[in-house]
Amino acid sequence: MVFAPLVVVGLLPLVLALFVLVHVVRGFGDAAAVLRTRRVSVLSLAEGLDGSVALSGRARPTASGETLPAPLSGDEALVVEHEVAEQRSDGDGGRTWTRVDERRAAVPFVLDDGTAGVRVDPAAATLSLAPDEVCRVDADETVPAGLERLAADAGVDVDPRLLELGPLDIAVGRARRFTERCLHPGDDVTVVGTPTPDRGEVGSVNAVVASGDPFVVADAAPRTVAGRLAVEWGLHLAVAVLLGVVGGAVVYGGLVVA
């Protein structure tokens, strides 16, 4: 006799594992594509736009001078990505950091490699940026001024949760970690994407990079970017395998339980 409720419960992680696996395959494909994409100079784009290219140079604001304030450091940035994580029990007596919120913002910028500049609109890009500001707040500490909004938006404690035991106050909340990744004006930048015709400002080619397959904006060389993407998607693959094993075991149990 098939134990139908158990089978249904087991199918849920299996479906989720399949969903994650589809994205993992695409992620590894992006990593490989970053390595395969031909590197060209910005000036060569003026000779014709043909498929995906890799461009490396310095990032600078467009003629409008628009930038964004980084949430942790307050520095001027062109691309901002921030993450909020909590330290939670892993079930084996240890603790691990669990991401509870991640947000990003960006404005168009110019990639200048010394031959010319090209406008980049990173709104839809996969970002690969190294952390440049990290703030850890222990369970018995209050979130620093200026980060309260980030904590509230992420749903984590702003003030410590304390248990009063006589003269002692014991922290019962969780440690929090705020991480900032930014592309600043003047930073080295690599962009992998597909240029399309567009009117350029003075000193720039008449093109814009706003999409591609893949479309990646990074603060490192292509080989480093590919390595980062492979590591990141490798972790997702581990999650997919774990979900598949759990779901398969539950479905098998439902099929053999009478």
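The values are calculated or read from the model by the stated rules, or taken from the named source; none is laboratory data. Just so we're clear, the structure is a prediction, and the values are computed from it rather than from any experiment. Glycine gets a Cβ as well: all are built from the backbone with ideal geometry, and neighbour counts include every protein chain shown. Heavy atoms of the whole protein, side chains included, go into the accessibility calculation; ligands, DNA and RNA do not. Shrake-Rupley method; radii C 1.70, N 1.55, O 1.52, S 1.80 Å.
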Give me the number: length gained by fully extending Arg88 to Val158, i.e. 0.36 nm times residue separation minus the C-alpha to C-alpha distance, one decimal in nm. 23.6 nm
What do you reckon, how do Asp50, Asp187 stack up by accessible area (1.4 Å probe), largest on top? Asp50, Asp187
So if we plug the beta-carbon distance of Ala145 and Arg95 into 1/(1 + (r/R0)^6) with R0 = 35 Å, what FRET efficiency do we get, rounded to 0.05? 0.85
Surrounding charge for Ala207, neighbours by C-beta under 13 angstrom, Lys/Arg +1, Asp/Glu -1, total -3
With both partners inside segment 64-191, how many of the DSSP beta bridges are antiparallel, as a percent to the nearest 5? 100 percent
Please list Val202, Val217 from largest to smallest accessible area, probe radius 1.4 Å, with all protein chains kept in place. Val202, Val217
Separation in nanometres of the label points that stand 7 Å from Cα toward Cβ, at Thr196 and Asp213: 1.4 nm
What Rg and what Dmax come out for segment 39-213 when only alpha-carbon atoms are used, in angstroms? 21.1, 77
FRET E, pair Ala124, Glu232, Förster distance 22 Å, beta-carbon r, rounded to 0.05: 0.75
For the pair Ala171/Ala221, report the inter-label distance in nm, with labels modelled 7 Å from Cα in the Cβ direction. 4.1 nm
So how strong a dipole does segment 39-213 carry about its Cα centre when Lys and Arg Cβ are +1 and Asp and Glu Cβ are -1, to the nearest 20 debye? 280 debye
Rounded to 0.05, the calculated FRET efficiency for the beta carbons of Leu16 and Glu76 at R₀ = 41 Å is 0.55
Normalising by the residue count of segment 39-213, find the relative contact order in percent from Cα pairs under 8 Å and 6+ residues apart. 32 percent
